[in-house]
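Take a look at the structure set out below.
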Amino acid sequence: MDGELVSTRDVEGKRISYTDALLQGLAPDGGLYVPTQYPQLSLDELVALKGIPYTDLAFVVKKKFTGSTIPDAELQRLIRSAYTPEKFDDTDGNIVPVIPIGNNLYVQNLSLGPTAAFKDMALQLLGQEMNYVLSRRDLLLLLLGATSGDTGSSAEAAFKGLDRVKLFMLSPYGKMSPFQTAQMGVLSGGNIYNISVDGVFDDCQDLVKELKKDPEFAGLGAVNSINWGRISSQVPYFVSGYLQAAKNIGDEVDFVVPTGNFGNVLSGYIAKQMGVPIGRLIVATNENNVLEKLINTGVYEFTKAVKTSSFSMDISKASNYERPAFDIFGRDPKILKEYMSVFEKTGRVDFKDFGMGPEVFPALGFYAGSSTHKDRVATIKKVYADAQLLIDTHTADAVTVAKRFGAREGVPLVSMATAMPVKVEDAIREAIGSVPERQERFKGLEKRVVEDSFYRIPASQELLKAYIRQNS
Ligand SMILES: *Cc1c(COP(=O)(O)O)cnc(C)c1O
């Protein structure tokens, strides 16, 4: 059957369907699901996609992943419900516009969604697809997540009002920005439960992990960025970005992607594997540069994350990296497992010990660079002065790296814009001396939060369990 997937760690190569992978997230063996083969998109197909509405483009691309598991008319309906003009600040029917900033550099805006972050692009569709599959199977699903800010509101906006899902979201009390807190606060109620934990983000994540060890709560789902439904939902905007930037279809286009968990750039890699003429995929990191070091030296080393002004990229390891690593090892789950177990046991693994070096990355199109807070502030200021475009700190990581690499002769270089400036008001003030004007829908957001929109608990398993039981 088409659209089938295997786990990166399954030596038996057992195949599962797209819809099963959607509900499962992580494979039972701890591996990640990847397609048995990458579907292909021909140049003729690309020509036919040029200029058509995003929802129609997304349908053609997603169909290659969902195969026959979701009927055409349903898939079309789900995509249209995910990307409505009301939810996405639609600019001329294009919700992922590519904007020139000079010197053959471009910015592709992926943050026009309801919570002003690129995660909306994937989560909105994931929510629709999950709800569809659950209703077909007559199931109800409890989802449990932990957030330090951005993922929480994006997931809540995506699952709000869906009748087959209840979402419990843990966040650290008093540690999110007032804007992030308000974004989640206004979404509470109905099937959305905000739980504020006395502690830091890691305490929230530990509570989630612990709870899942209890058989009573083992069936709880997750919405983290390793879900194949999420990754595959990000491929269409790379196809759209390519079509908007390429002068002639067939010419190469390069991308720079602000990267944390390797989710966004992985989708670009998949688009490239499908035959979209993408040249370089440049990973941009902030001071937490585990991935820059990996790609430039072949050494993957765990380093404790520090807090930065592009906080959604503050990671110490990148879960989705396991997927391209599987390809690097010739799709041999035995070697991949060994490689990952060295990393998990010692916090460090070197390609040299597997008879390879850092050349494995450029061979697949991957390059990398990083930036600092000072770079980000300078880049925000410069892009604003030169192109009258205000970018956020995460986007600034990408643009800093894009400027350092420069565009190749005749090859457009597109930086992915992953959040709106409204999400990083302090950094914007530092860069240009004033805060960005808010779009209508975010004006006075902090004042719209009703009381009791967070249920506050100490970091206690028992209280968390009691709350979930009481509300399920
Ligand atoms: C999550 C996030 C990223 C990183 O994306 P990954 O898929 O984890 O690489 C970058 N920028 C913003 C604004 C984000 O929210």
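Derivation of every value follows stated rules applied to the coordinates shown; laboratory data play no part. If you're wondering where the values come from, they're calculated on a predicted model, not measured in any experiment. Because the Cβ atoms are built from the backbone with ideal geometry, glycine has one as well, and the counts that use them run over all protein chains shown.
Determine how many Å³ per residue the convex hull of the Cα atoms of the stretch 37-139 encloses.
Hull volume normalised by residue count: 140 Å³.
Pull out the extension gain between L140 and K247, defined as 0.36 nm times the separation in residues minus the alpha carbon to alpha carbon distance; nm, one decimal.
Stretched out fully, the L140 to K247 stretch lengthens by 33.8 nm.
Under the classification rounded if a/c is under 1.5, otherwise prolate if a/b is larger than b/c and oblate if not, where does the stretch 294-426 fall, given a ≥ b ≥ c as square roots of the Cα gyration tensor eigenvalues?
Values: a/c = 2.82, a/b = 1.78, b/c = 1.58.
Prolate.
Please arrange V34, V186, V399 by how many other C-beta atoms lie within 10 Å of their C-beta, fewest to most. Could you put the intermediate results ahead of the total?
Numbers: V34 23, V186 18, V399 28.
The fewest-first ordering by Cβ neighbours comes to V186, V34, V399.
Could you compute Rg(Cα) / (2.2 N^0.38 Å) for the stretch 306-383, with N its residue count? Show your work: numbers first, answer last.
Details: Rg = 16.1 Å, N = 78, 2.2 N^0.38 = 11.5 Å.
Ratio of Rg to 2.2 N^0.38 Å for the stretch 306-383: 1.40.
Could you please report the charge total around S341, scoring K, R as +1 and D, E as -1 over all other residues with beta-carbon less than 13 angstrom from its beta-carbon?
Neighbourhood net charge equals 0.
Using the structure shown, select from K166/K209; K14/K64; K175/K403; K119/K166; K317/K352; K64/K160 the pairs with a Cα to Cα distance greater than 30 angstrom.
K175/K403
Using only helices, what value at 222 nm comes out for the chain when you add -39,500 (n - 2.57) per DSSP H run of length 4 or more and divide by the total residues, to the nearest 500 deg cm²/dmol? Can you show the working numbers first?
Details: 19 runs with 195 residues, N = 472.
Taking each H run of at least 4 residues, the total per residue is -12000 deg cm²/dmol.
Mean separation of Cα pairs under 8 Å and 6+ residues apart, divided by the residue count of the stretch 246-313: what relative contact order is that in percent?
About 31 percent, as a whole number.
With +1 on the Cβ of every Lys and Arg and -1 on the Cβ of every Asp and Glu, and nothing else charged, how large is the dipole of the stretch 1-83 about its Cα centre, in debye rounded to the nearest 20?
Roughly 220 debye, rounded to the nearest 20.
Let me check I have the definition right: for the stretch 376-441, take the eigenvalues of the Cα gyration tensor, multiply each by 5, take square roots. What are those semi-axes in whole Å, largest first?
Working through the eigenvalues yields semi-axes of 23, 12, 10 Å.
Output the direction-averaged projected area (hull surface divided by four) of the convex hull of the alpha-carbon atoms of the stretch 193-237, in nm².
If you wrap the Cα atoms of the stretch 193-237 in a convex hull and average its projections, you get 4.7 nm².
Toward the positive end of the charge dipole of the stretch 14-121, about the Cα centre and with charges on Cβ (Lys, Arg +1; Asp, Glu -1), which of P28, T66, Q108 goes farthest?
Result: P28, furthest along the dipole toward the positive end.
Hey, what D do you get for the stretch 72-112 in µm²/s if you plug the Kirkwood alpha-carbon radius into Stokes-Einstein at 4 °C and 1.567 mPa s?
It diffuses with D of about 110 µm²/s by this estimate.
Cα-Cα pairs above 20 Å in the stretch 123-219: how many percent?
Value for the stretch 123-219 (Cα pairs over 20 Å): 38 percent.
Show log10 I(q)/I(0) for the stretch 348-396 at q = 0.14, 0.17, 0.23, 0.29 Å⁻¹, two decimals, from a solvent-free Debye sum over equal Cα scatterers.
-0.57, -0.66, -0.80, -1.01
Based on the inverse mean of 1/r over its pairs of different Cα atoms, what is the Kirkwood hydrodynamic radius of the chain, in Å?
22.6 Å
Could you work out how much longer the chain between K209 and M356 gets when fully extended? Use 0.36 nm per residue separation minus the Cα distance between them, nm to one decimal.
The K209-M356 span can extend by a further 49.5 nm.
Compute the Rg to Rh ratio over the stretch 256-299 from the alpha carbon atoms, using the Kirkwood formula for Rh, and round to two decimal places.
0.99
What shape does the stretch 352-467 have by the C-alpha gyration tensor, where a ≥ b ≥ c are the square roots of the eigenvalues, rounded means a/c under 1.5, and otherwise prolate means a/b greater than b/c and oblate the rest?
Because a/c hits 1.5 or more and a/b fails to exceed b/c, the stretch 352-467 counts as oblate.
Per-residue HN-Hα couplings for the stretch 167-184, Karplus 6.51 cos²θ - 1.76 cosθ + 1.60 at θ = phi - 60°, whole Hz, x for Gly and Pro?
Those phi angles translate into 10, 9, 10, 8, 9, x, 4, x, 9, 9, 5, x, 5, 4, 4, 5, 4, 6 Hz.
Could you work out the relative contact order of the stretch 67-208, using alpha carbon pairs under 8 angstrom and six or more residues apart, expressed as a whole percent?
19 percent
Relative contact order for the chain using alpha-carbon pairs under 8 Å, separation at least 6, rounded to a whole percent?
Over the chain, the number comes to 19 percent.
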